[in-house]
Amino acid sequence: MTPLEVWRLLVDRSAWWPELAFDAVSGSPLRETWTEDGRTFEALGRVVAVDPPRHLSFEWTEPGWSALLTVAITVEPAAAGAAVTVTEQGFIRIGAEEGLRLEHEAGWQQHLVRLRGASIEAARSRRGPQR
């Protein structure tokens with residue numbers, strides 16, 4: 001897939017991260033809601049910067065955090081079509097234990113696997129049925 005096609009999936013999210021809601025516009029509110037062990041959790045934030053089809057950044061927080069975490073997602077051309085890089089910063093600023101950083105790292109890996117799966121499915125759909 002091209003960077004533009006990956007970008008469209010990235011900002012649509014319905015196929016790979018439906019729990020996250022935002023408009024790809026700087027200043028737009030952002031909200032992620034999920035359930036773990038029967039309890040509902042929520043992260044709130046805002047979109048900081050949008051540069052289609054290359055860059056999206058946002059900041060978010062959860063109850064109990066003393067500051068915001070900042071996430072930057074970059075889409076770049078690559079030999080296979082597009083490469084997606086995610087960085088999340090601010091764990092020291094919020095006084096987070098190492099466990100939270102590792103939890104977020106694992107979460108991003110899961111989200112990127114889902115994004116890759118959605119991109120493969122979208123490419124298959126564009127090609128049509130295989131014979």
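Within the listed set Leu102, Leu112, Leu30, the residue fluctuating most in the Gaussian network model of the chain (springs between alpha-carbon atoms under 10 angstrom) is Leu102.
Rounded to a whole number, what is D in µm²/s for the stretch 3-123 from Stokes-Einstein with the Kirkwood radius over alpha-carbon pairs (37 °C, 0.692 mPa s)? After rounding, the answer is 218 µm²/s. Counting only Cβ charges, +1 for Lys and Arg and -1 for Asp and Glu, the dipole size of the chain around its Cα centre is about 740 debye.
Taking the chain as a Gaussian network of alpha-carbon nodes connected by springs under 10 Å, the highest mean-square fluctuation of the residues Arg39, Arg116, Arg31 belongs to Arg39. If R0 is 30 Å, the Cβ-Cβ spacing of Asp12 and Gln89 corresponds to a FRET efficiency of close to 0.75. With a ≥ b ≥ c taken as the square roots of the eigenvalues of the C-alpha gyration tensor of the stretch 1-61, please select rounded if a/c is under 1.5 and otherwise prolate if a/b is larger than b/c or oblate if it is not? The shape class here is oblate.
Farthest toward the positive end of the dipole of the stretch 3-123, out of Ser66, Ser119, Pro3, is the Cα of Pro3, where the dipole comes from beta carbon charges about the Cα centre.
Positive contributions from Lys and Arg (+1) and negative ones from Asp and Glu (-1), summed over other residues with Cβ under 14 Å from the Cβ of Asp12, come out at -1. Between Ala106, Ala79, Ala67, the Gaussian network model of the chain with springs among Cα atoms under 10 angstrom shows the greatest mean-square fluctuation at Ala79. Length available on full extension from Ala80 to Leu102: 0.36 nm per residue minus the Cα-Cα distance, which gives 5.1 nm.
Placing +1 on the Cβ of every Lys and Arg and -1 on the Cβ of every Asp and Glu, with no other charges, gives the stretch 2-58 a dipole of roughly 180 debye about its Cα centre.
Where a number appears in this text, it was derived from the coordinates with a stated rule and is not lab data. Since this is a predicted model, take the numbers as computed values, not measurements. Every residue, glycine as well, gets a Cβ built from its backbone with ideal geometry; the counts of neighbours run over all protein chains shown.
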